[in-house]
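*Asks:* Dumping the structure here so I can ask a few things about it.
Rule-based calculations on the coordinates, nothing more; no lab input. This one's a predicted model, so the numbers in the text were calculated from it and none came from an experiment.
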Amino acid sequence: MPLERTLSKETIDSIFANATHQSDYVYGLYKAVIPDWSSVIQFNGYPQVSNNTSSYMMRLAIDFDTKHHPNLVPGGALLNNGFSSTDMPDWIVRWSESDIERTYSTAALENILSLIHAKETTCPTTSELHHFISNLSLKHSIPIDTILEFLVDIKMA
């Protein structure tokens, strides 16, 4: 099931206005729409935007690169690492959570593992716990950080 989030023209403009390097605008666009971006270790594929949204972002990338990186291919960073374009509504980003590989802080996982171990006789492996949290997040559209905080709060109660 594809996920969607709005990426307004104003947000795009702000990301480019605050960028000092190509990576600032590329990762800024991803951070603006992908929940829990800090947990992403790899995105397999590209999120989708409309042809119009793609053209708008590319114009900004070309202008930025021409001004700040005149020796590089203007718009090249966005072209190589940005979004795919398709026929869909403007200012929407669409992606599949199954395309994202995430990681979680070791401390948070160890804390949750110790909580589970204290309550049960069998303790899941880190891999099993990672799979459980990812599926829970995807199935219920709950940010991973929220799940981790909730699981830690259970111990406090």
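*Asks:* Largest first and in whole Å, what are the equivalent-ellipsoid semi-axes of the stretch 45-104 based on the Cα gyration tensor, each being the root of 5 times an eigenvalue?
*Replies:* Over the Cα atoms of the stretch 45-104, the semi-axes work out to 24, 16, 8 Å.
*Asks:* Starting from the exponent 0.38 and prefactor 2.2 Å, build the expected Rg for the stretch 1-113 from its residue count and divide its actual Cα Rg by it.
*Replies:* Details: Rg = 15.3 Å, N = 113, 2.2 N^0.38 = 13.3 Å.
Taking the Cα Rg and dividing by 2.2 N^0.38 Å, one obtains 1.15.
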